[in-house]
There are 2 protein chains.
Amino acid sequence: MDERFYDNWTTQLRKGLLEMCILNAIRPGRAYGYEIVRRLRQIEGLVIGEGTIYPILSRFHREGLVESHLEESSEGPARKYYELSDRGKKLLKKMNATWETIVRGVQNL
Amino acid sequence: MDERFYDNWTTQLRKGLLEMCILNAIRPGRAYGYEIVRRLRQIEGLVIGEGTIYPILSRFHREGLVESHLEESSEGPARKYYELSDRGKKLLKKMNATWETIVRGVQNL
DNA sequence: CCTGCTACCTTGTAATGCAAGGTATATTTT
DNA sequence: AAAATATACCTTGCATTACAAGGTAGCAGG
């Protein structure tokens, strides 16, 4: 059967959504890229690869939504930890609110 | 303040989501482009323009998700009505299920 | 030393949403 | 009758994203 359309659709659906999820994953404290990939992988329908997350994290930093610092690890190469800036926290709050509005809107379509 | 990131994010968030909403708007029976634009406009966070919907409807048709036919109107130019094909109905069901899975996944993040 | 896991990054491609344009019909206003 | 407004369709070019496929490097176990 032709799953091409569906597969592409799910990819499109992740656009923007991934950013929100990543910010929410960082929010409680701090997190590094490889860790976030593993956490989000467990959420059905939200698979994410390294080639996807690193550009996103870079953009977050460029936009001033997060701060980052390297930290040595005994289990491998150094990890780049990220945490939300004030701007990032504010924006995430707004994004979460927008998300809920949309979810509600879609529900009673 | 800098709303650029937020505005762009909402645009990205609409990707894929609009397709699902349009299909759901057509599902009960039939609908034409201009009509769908007006209906979806009322849903907060889901604004859509004509330059967005017509390419989507064309793609639906190209992918065999909908059938279409022209119908004269006394209120203006002819309308192009769309209705879901069997394939479209099946796919929409799958899309709605995926959407709910993702919404639930995001909820308990 | 070599395989596997950890951990980071970059490049090129495909796909989408949208602004900004265009065309044409029917109704209402001037 | 001319102009304006609402209806209704469409296309082109741009900006943005997610992803596959590649690359680099550190650490541990056999």
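What accessible area per residue, rounded to a whole number of Å², is obtained for segment B:62-108 using a probe radius of 1.4 Å?
Result: 65 Å² per residue.
Cα-Cα pairs above 16 Å in segment A:1-50: how many percent?
43 percent
Give the residue from A:97, B:51, B:21 lying farthest towards the positive end of the charge dipole for the protein assembly as shown; charges sit on Cβ (+1 for Lys and Arg, -1 for Asp and Glu) and the dipole is referred to the Cα centre.
Toward the positive end, the furthest listed residue is A:97.
What residues qualify as long-range amide H neighbours of residue B:82, i.e. H under 5 Å apart, gap of 5 or more or another chain, H built at 1.01 Å from N?
B:31, B:32
Closest beta-carbon to the A-to-B rotation axis: which chain A residue owns it, and what is the separation in whole Å?
A:15, 2
Report the net charge of residues surrounding residue A:43, where surrounding means a beta-carbon distance below 13 angstrom and charges are Lys +1, Arg +1, Asp -1, Glu -1.
Result for the neighbourhood of residue A:43: +4.
By its C-alpha gyration tensor, with a ≥ b ≥ c as the square roots of the eigenvalues, how is chain A shaped: rounded for a/c under 1.5, else prolate for a/b larger than b/c, else oblate?
Oblate shape, in that a/c is at least 1.5 and b/c is the bigger or equal ratio.
Round to a whole angstrom and tell me the spacing of the C-alpha centers of segment A:59-101 and segment B:27-105.
A separation of 37 Å, based on Cα centres.
Could you tell me how many degrees, from 0 to 90 and to the nearest 10, lie between the Cα long axis of helix B:50-62 and the main elongation axis, the longest principal axis, of the Cα atoms of chain B?
Helix B:50-62 and the main axis of chain B meet at about 70 degrees.
Which whole number gives the average, over all residues in B:15-27, of C-beta atoms from other chains lying within 10 Å of the residue C-beta?
3
Treating the point 7 Å from Cα along Cα-beta-carbon as the label, what are the nm separations from residue A:83 to the other copies, to one decimal?
With the label placed 7 Å along Cα→Cβ, residue A:83 yields 6.0 nm.
Calculate how steeply helix A:17-26 sits against the longest principal axis of the alpha-carbon atoms of chain A, using the helix alpha-carbon long axis, and give the answer as 0 to 90 degrees to the nearest 10.
30 degrees
What are the nm distances, shortest first, from residue A:44 to its equivalents in the other copies, labels at 7 Å along Cα→Cβ?
2.9
Please report, in Å, the Rg and the Dmax of the protein assembly as shown, where both are computed over Cα atoms only.
19.9, 75
Which aspartates and glutamates, if any, have their Cα less than 20 Å from the Cα of residue A:94, not counting same-chain residues under 8 positions apart?
A:19, A:63, A:67, A:83, A:86, B:2, B:3, B:7, B:44
Determine the relative contact order of chain B: mean sequence separation of Cα pairs under 8 Å and six or more apart, normalised by residue count, in whole percent.
25 percent
Once the Cα atoms of helix A:86-107 and of chain A are each reduced to a long axis, what angle between those two axes, in degrees from 0 to 90 to the nearest 10, is obtained?
That works out to roughly 20 degrees.
For label points placed 7 Å from Cα toward Cβ, what is the shortest-first list of nm distances from residue A:70 to its copies?
6.6
Applying a 10 Å radius around every beta-carbon, put B:66-74, A:5-13, B:9-17 in order of their mean neighbour count, most first.
So the order, starting with the most tightly packed, is B:9-17, A:5-13, B:66-74.
Return the average number of partner chain Cβ atoms within 10 angstrom of each residue Cβ along peptide B:3-14.
Partner-chain Cβ atoms within 10 Å, mean over residues of B:3-14: 5.
Inside 10 Å of the C-beta atoms of A:40-47, what's the mean count of C-beta atoms belonging to other chains?
Going residue by residue through A:40-47 and averaging, the value is 4.
When only DSSP loop residues count, what chymotrypsin sites (Phe, Trp or Tyr not before Pro) in segment B:35-98 have their Cβ near at most 14 other Cβ atoms within 10 Å?
Hits after loop and neighbour filter: nothing returned.
The values are calculated or read from the model by the stated rules, or taken from the named source; none is laboratory data. These numbers were taken from a predicted model, which means no experiment stands behind them. Please note: Cβ atoms are built from the backbone with ideal geometry, for glycine as well, and neighbour counts cover all protein chains shown. SASA here: full protein model, heavy atoms, side chains in, ligands and nucleic acids out. Shrake-Rupley method; radii C 1.70, N 1.55, O 1.52, S 1.80 Å.
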